[in-house]
1. May I ask you to list the residues in the stretch 166-186 that are at pLDDT 85 or above and of a type in the set (Phe, Trp, Tyr)?
2. What are the residue pairs meeting all of these: first residue in the stretch 111-132, first residue within 23 Å of Arg61 (Cβ to Cβ), second residue surrounded by 13 or more Cβ atoms within 10 Å (Cβ to Cβ) and aromatic (Phe, Trp, Tyr), Cβ atoms under 8 Å, and 6 or more apart or on different chains?
3. For residues in the stretch 83-100 being closer than 16 Å to Thr123 by Cα and modelled with pLDDT under 80, which is most open to solvent (accessible area, probe 1.4 Å)?
4. Open to solvent by less than 90 Å² (accessible area, probe 1.4 Å), in contact with a helix residue (DSSP H, G or I) (Cβ under 7 Å, 6 or more places away or on another chain), within 30 Å of Ala28 (Cα to Cα) and among the small types (Gly, Ala, Ser): does that describe Gly190?
5. Somewhere in the stretch 41-48, is a residue farther than 30 Å from Val148 by Cα, open to solvent by less than 60 Å² (accessible area, probe 1.4 Å), at pLDDT 85 or above and not polar (S, T, N, Q)?
6. Contact list please: Cβ distance under 9 Å, first residue in the stretch 181-198 and over 22 Å from His22 (Cβ atoms), second residue assigned to a helix (DSSP H, G or I) and at pLDDT 75 or above, pairs at least six apart or on different chains.
7. Looking at (1) on the phi < 0 side of the Ramachandran plot; (2) modelled with pLDDT under 80, which one does Ser122 not meet, given that it meets all the others?
8. Among the residues of the stretch 107-143, write down those that are open to solvent by 70 Å² or more (accessible area, probe 1.4 Å), closer than 10 Å to Ala93 by Cβ and in a strand (DSSP E or B).
Amino acid sequence: MRKARHAKVLGWRWRSNPLRRHSDVVEAWIVLLAWTAATVLAVLAGVVGAQGAQRAVEHDRTGRHPVSAVLVKTVPGSGRDVVTGIRYDRVLATVRWTDRSDGKATVRTGTIDVRPTAKPGSTVPAWTDGHGRLVSAPVSSAEAMTRVVLAGSGVALVAGLTVLGVGQMVRLRVQRRATELWGVEWERVGRQWGHTTG
């Protein structure tokens with residue numbers, strides 16, 4: 001026996017039809033409003049999230065200052081993983097630099113990662129936080145843009161899905177109520193016919 005095929009009619013809840021229930025129209029409006037609100041809110045939230053990430057990246061970049069440091073010595077074995085034996089392209093090294101952040105010249109030492117070919121006494125680039133502490137280099141422009149795009153996209157996605165989830169919960173509540181009313185009506189009509197199903 002062949003399966004019956006029926007075409008899905010788009011927008012059927014909006015069309016005038018004697019079988020259309022009031023709940024069908026309400027559901028259609030809920031879906032329309034939920035998608036509209038989700039789209040608008042996702043765009044707004046994405047823009048706000050991206051702007052917040054942009055400010056954070058800029059704050060992070062402006063809080064780092066380049067200094068010229070002198071390589072004192074490298075840490076033995078820091079360029080190889082102890083367990084796997086894999087060699088890294090960076091090794092830990094002790095460096096010395098002159099810090100002028102407080103208005104006077106203070107010689108400081110710290111540890112950064114350098115190329116394995118760097119020799120003691122050579123000058124290597126380092127970054128400080130303006131308070132005499134070594135920090136990692138600021139993110140590149142490409143990495144900063146990636147962070148901003150990912151933050152904006154993530155916030156937009158969460159905001160949009162949240163609104164759609166709330167809309168779906170409201171829609172399910174309307175469907176449940178319509179089914180309850182339909183059951184009450186069926187019970188009333190079933191008694192008039194003189195028999196019940198099931």
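The values are calculated or read from the model by the stated rules, or taken from the named source; none is laboratory data. Everything numeric in this text was worked out from a predicted model, so none of it was measured. Cβ coordinates were reconstructed from backbone atoms using ideal geometry, including for glycine residues, and neighbour counts include every protein chain displayed. Calculation scope for accessible area: heavy atoms of the full protein, side chains included, ligands and nucleic acids excluded. Shrake-Rupley method; radii C 1.70, N 1.55, O 1.52, S 1.80 Å.
1. Listed by number, the list is empty, since nothing qualifies.
2. Short answer, once both residue conditions are applied: Ala126/Trp97; Thr128/Trp97.
3. To start, the set of residues in the stretch 83-100 that are closer than 16 Å to Thr123 by Cα comprises 90-99.
With modelled with pLDDT under 80 added as a condition, the list becomes 90-91.
Numbers: Arg90: 87, Val91: 21 Å².
This residue is Arg90.
4. Details: open to solvent by less than 90 Å² (accessible area, probe 1.4 Å): yes; in contact with a helix residue (DSSP H, G or I) (Cβ under 7 Å, 6 or more places away or on another chain): no; within 30 Å of Ala28 (Cα to Cα): yes; among the small types (Gly, Ala, Ser): yes.
No; evaluated as a whole, the condition is false for this residue.
5. Residues of the stretch 41-48 that are farther than 30 Å from Val148 by Cα, as a first pass: none.
No, because not a single residue in the stretch 41-48 is farther than 30 Å from Val148 by Cα, open to solvent by less than 60 Å² (accessible area, probe 1.4 Å), at pLDDT 85 or above and not polar (S, T, N, Q).
6. Taking only residues 6 or more apart or on different chains, the pairs are Thr196/Glu187; Thr197/Trp186.
7. (2)
8. Within the stretch 107-143, Thr111, Asp113 qualify.
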